[in-house]
Amino acid sequence: MQLAEVVEQTYGESTQQEARYRSALSTFAGVFGPGPVSIFRAPGRVNLIGEHTDYNHGFVLPVAIDRDILLLARPRADSSVNLHNTEPVFASRTFAVGFDIEPAEAGDWSNYVRGAAQMLAHHIERPLLGMDALVSAAPPQGTPRGAGVSSSSALTVVAALALAWLNDWSPERISFARQCSEAEWYVGTRGGIMDQFISLLALPEHALFLDCRPLGNGDYHLNHVPMPSGYRVLVANTGIRHTNVGGEFNLRVAACRAGVACLRERVADITHLRDVQHIAWEELAHIVPEVMSVSQARERGADLANLPLRDPDALLRVRACCRHVHSENRRVQAAVDALSAGDVTRVGELLDEAHTSARDDYDVSCPELEAMVNAVKKIDGTYGARLTGAGWGGCVVALVHQDALLDVESILPELYGASTGIEPHVFVCQPSSRAEHLLTLSV
Ligand code: GLA
């Protein structure tokens, strides 16, 4: 297949996308010289509903967005990985693939690729070839960074996919997605599996219902849910960058684990909050203290061993966090039913409830997210509006009827700008397809 055909198959007709690929190919040839080159892509994601449930073995419903990361690569005869980025702010990096790859300094972009390479070294039982690789991820076609749409997981996934493919290793997708999520722990956040699963398993025009509890055989229960026709996914970036590596994310994980320790009183073999999902919240609430400190949670037997927590006196809002997870799992299941029935109004109500719960119970909103949610709600033809991703900034997601697209793109930035003074980045997308090797050609 030719480049133009592959691009059209992936995005529909788009001269901008084709120009982006051609420009990346010519940069690759300029940096690494002429010869064969393989093109890989991995999409970012937006989560429709199911926030902070994945690491509690709960339910999520993300879609892959049509903003992605491209990686162009050529195998090497040695184990070096030579990384170049089309954006000059990301300096070129070199490292060798191995079991124990030295990280670059915290926050360095190459750490996601290092994590992916180290993970593969542990899974492929032979010495690995490195690669010369060019990453092209600049917005608008690329995945916005620090916006809660998982650009970091897309980079991890595309690097792992490329190295695996160049080394003739074709893993089964579900276990590969789990391996990629563990690869990302290399950078220091204890995230769940949602982002890598949607990037590797997405279907165009579908959301992915994923039950994050592994089945006994390492498999997962998942289900592609068709999106209602005539509606798009609105992603509105507040312009406030969030960073997962900060301590707040890990404190929420700790609050959930503290809840697990307390709920052992009711369900002796509980390992994750998921284990009490079948019990009504009213029967559980009194077992879980409203607030506990990190050290009290440890004394109560909470498993906090692999969580970097600096302050033993930090307070965990255990009851509210557990209530969020419990109610959110139920909302995800209800949203799957409503989407399948084409009941967009009901989906919107559930998204609104999810936002309230994330803000009031999980406490991960911020003034700019509130301003964006309020702005979206003022526009007719939008359904629901909620923070998506970890929170503390990043994006708001909503469903939008195709007749309201123009209003969204023109009025929303004005409304948000008027209340915050920030110019937001708003885009509307179609659920996109999964990460793939697209094509090998010569430059
Ligand atoms: C981050 C993590 C995900 C998930 C979300 C919150 O994006 O990487 O695994 O926990 O936060 O839903």
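The values are calculated or read from the model by the stated rules, or taken from the named source; none is laboratory data. Keep in mind that this is a model prediction, so the values were computed, not measured. Cβ placement follows ideal geometry from the backbone for every residue including glycine, while neighbour counts extend to all protein chains displayed. Just the protein is used for accessible areas: all its heavy atoms, side chains included, with ligands, DNA and RNA removed. Shrake-Rupley method; radii C 1.70, N 1.55, O 1.52, S 1.80 Å.
Looking at segment 1-129, the accessible area is 42 square angstrom per residue; that uses a 1.4 Å probe and ignores ligands, DNA and RNA.
The GNM of the chain, with springs linking C-alpha atoms under 10 angstrom apart, assigns the highest mean-square fluctuation among Gln16, Gln402, Gln179 to Gln16. Looking at segment 1-97, which GluC sites (Glu not before Pro) are in a loop (DSSP not H, G, I, E or B) and have at most 10 other Cβ atoms within 10 Å? Loop-located and lightly packed - Glu13. Counting protein heavy atoms only, the chain has 49 percent of its accessible area on carbon and sulfur, 1.4 angstrom probe. What FRET efficiency do you get for Gln2 and Val267 if R0 is 41 Å and r is their Cβ-Cβ distance, rounded to the nearest 0.05? Approximately 0.10, to the nearest 0.05. The angle between the Cα long axis of helix 367-377 and the longest principal axis of the Cα atoms of the chain comes to about 90 degrees, rounded to the nearest 10.
If you average over every viewing direction, what projected area does the convex hull of the Cα atoms of segment 243-345 give, in nm²?
Details: hull surface 32.1 nm².
One quarter of the hull surface, i.e. the mean projection, equals 8.0 nm².
Considering only Gly115, Gly130, Gly216, the Gaussian network model of the chain with Cα springs below 10 Å gives its largest mean-square fluctuation to Gly216.
Between segment 49-67 and segment 202-253, the alpha-carbon centres lie 2 Å apart.
Take the Cα of Glu290, step 7 Å toward its Cβ, do the same at Asp311, and the gap between the two points is 2.0 nm.
Highest GNM mean-square fluctuation, the chain, Cα pairs closer than 10 Å: which of Asn167, Asn56, Asn217? In the Gaussian network model the winner is Asn217. Compared with the rule-of-thumb size 2.2 N^0.38 Å for a compact globular protein, the chain has a Cα radius of gyration ratio of 0.97. Sequence-distant contacts, meaning Cα pairs under 8 Å at least 6 residues apart, place the relative contact order of the chain at 23 percent.
So what's the net charge close to Pro103: Lys and Arg +1, Asp and Glu -1, counting the other residues with Cβ under 13 Å from its Cβ? Intermediate results must be reported in sequence, preceding the final value.
On the way: positive: Arg93, Arg114; negative: Asp100, Glu102, Glu105, Asp108, Glu184.
Local charge sum for Pro103: -3.
Solvent-accessible surface of protein heavy atoms, probed at 1.4 angstrom with all chains present, puts Asp211, Asp66, Asp343, Asp100 in the order Asp100, Asp343, Asp66, Asp211, largest first. Per residue, the convex hull spanned by the Cα atoms of segment 17-78 amounts to 127 cubic angstrom. For segment 96-120, the residues whose backbone nitrogen is under 12 Å from a point 7 Å from the Cα of Asp78, taken along Cα to Cβ, are 96-97. Using a cutoff of 8 angstrom between alpha carbon atoms and counting only pairs six or more residues apart, the relative contact order for segment 243-345 works out to 35 percent.
Couplings 3J(HN,Hα) for segment 382-396, derived from phi with the Karplus relation 6.51 cos²θ - 1.76 cosθ + 1.60 (θ = phi - 60°), are 9, 10, x, 7, 8, 5, 10, x, 5, x, 6, x, x, 10, 10 Hz, where x marks Gly and Pro. How much net charge surrounds Gly58 when only other residues with a Cβ under 12 Å from its Cβ are counted (Lys, Arg +1; Asp, Glu -1)? Result for the neighbourhood of Gly58: -1.
Where the centre of each part is set by its Cα atoms, how far does segment 73-101 sit from segment 427-442, in angstrom? Segment 73-101 and segment 427-442 have Cα centres spaced 22 Å from each other. Our summary of shape: the Cα atoms of segment 165-312 have principal axis extents of 47, 40, 34 Å, ordered from largest down, in whole angstrom.
Sorting His52, His122, His242 on solvent-accessible area from highest to lowest, probe radius 1.4 Å, gives His122, His242, His52.
The angle separating the long axis of helix 344-360 from the principal Cα axis of greatest extent in the chain is about 70 degrees.
Summing Lys and Arg as +1 and Asp and Glu as -1 over all other residues whose Cβ lies under 13 Å from the Cβ of Tyr186 gives a net charge of -3.
Of Asp132, Asp403, Asp363, the order by accessible heavy-atom surface (1.4 Å probe, DNA, RNA and ligands excluded), from most exposed downward, is Asp403, Asp363, Asp132.
Magnitude of the Cβ-charge dipole of the chain, K/R +1 and D/E -1, about the Cα centre, nearest 20 debye?
Numbers: 36 positive and 53 negative charges, 114 e Å.
I would put it at about 540 debye.
The angle between the Cα long axis of helix 318-340 and the main principal axis of the chain comes to about 60°, on a 0 to 90 degree scale.
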